[in-house]
Amino acid sequence: MNIARLKNFTEIVKNNFNISATAEKLYTSQPTLSKQMKMLEDELGLALFTRKGKNLVGLTSAGEQVMELAKGVVAQVEQINQLSLGEQLATSGVLRIATTHTQARYTLPAVITEFSRRYPDVAIQLHQGAPAQLAQMVQSGDVDMAIATESMYLFDELAVVPCYRWGRSVVVPHGHPLIDCQPLSMADLARYPLITYVF
């Protein structure tokens, strides 16, 4: 059985049966991908997709069973590939990081500079998004890791590793009454309008 076809099959499902988007993501053409899926169905002797005209719209019951098994096979093949690369993984390749604009702009430049000095053969790709989007990027395998300061607790299937503490500050003009509030409480803050993130 052709493992590449199984991987492409799982990618099509991940991309909501959009052949064009999947082909672009896999750096191949739409006709090539469609042909591979036809060959996979012929090889298995099963109809994997439900179709509306020429468009794929879902999985058949057999397709759903194949998908469950294929996900495991693809994951195991990727683990084998990781093992086969051995030590090269630590010193070369691509590290895909999803992060927020704030982290990318203010926190990561110095870290990336030092990382690149230590590991010059590792290319770093930064992907930007809101915290919930970052977690989804990790879950889908589009990135290797995410760096964010909120919302990660919403995703039980992700391992969260703290790397630093994020401090919050209240900024007021000289002479503002909040300066005399020690310690500063939420009740004190609630008496004044706040300028903060739009959301």
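The values are calculated or read from the model by the stated rules, or taken from the named source; none is laboratory data. Here the structure is a predicted model, which is why all the values come from computation and not from measurement. Positions of Cβ are generated from backbone atoms using ideal geometry, with glycine treated the same way; all protein chains shown enter the neighbour counts. These area figures cover heavy atoms from the full protein model, side chains too; ligands, DNA and RNA do not enter into them. Shrake-Rupley method; radii C 1.70, N 1.55, O 1.52, S 1.80 Å.
A few points about this structure:
- Total residues in the range 116-161, condition in contact with a Pro (Cβ under 7 Å, 6 or more places away or on another chain) and modelled with pLDDT of 80 or more: 1
- Of all residues making up the range 98-123, the number that are loosely packed, with under 14 Cβ neighbours inside 10 Å, touching a strand residue (DSSP E or B) at 6+ places or on another chain (Cβ under 8 Å) and not acidic (Asp, Glu): 3
- Selection within the range 121-144 - among the polar types (S, T, N, Q) and in a strand (DSSP E or B): Gln125, Gln128
- Residue in the range 81-95 that is more than 30 Å from Tyr119 (Cα to Cα) and touching a residue at least 12 places away in the same chain (Cβ under 8 Å) present: no
- Filtered by the rule that a residue be under 26 Å from the mean Cα position of the chain (by Cα) and within 12 Å of Asn8 (Cα to Cα), the range 37-66 gives a lone residue, Met37.
- Selection from the range 170-199 of residues that are open to solvent by 100 Å² or more (accessible area, probe 1.4 Å), assigned to a loop (DSSP other than H, G, I, E, B) and either hydrophobic (A, V, I, L, M, F, W, C) or farther than 20 Å from Ala135 by Cβ (or both): Val171, His174, Gln182, Pro183, Arg191, Pro193, Leu194, Ile195, Thr196, Val198, Phe199
- Filter result for Thr149 (over 19 Å from the mean Cα position of the chain (by Cα), open to solvent by less than 80 Å² (accessible area, probe 1.4 Å) and farther than 26 Å from Lys14 by Cβ): no
- Matching helices (runs of 4 or more DSSP H) fully within the range 1-70 where at least 2 residues are open to solvent by 40 Å² or more (accessible area, probe 1.4 Å) and in contact with a helix residue (DSSP H, G or I) (Cβ under 6 Å, 6 or more places away or on another chain): 3-14, 30-44
- Subset of the range 89-142 (residues that are aromatic (Phe, Trp, Tyr) and under 19 Å from Tyr164 (Cβ atoms)): Tyr106, Phe115
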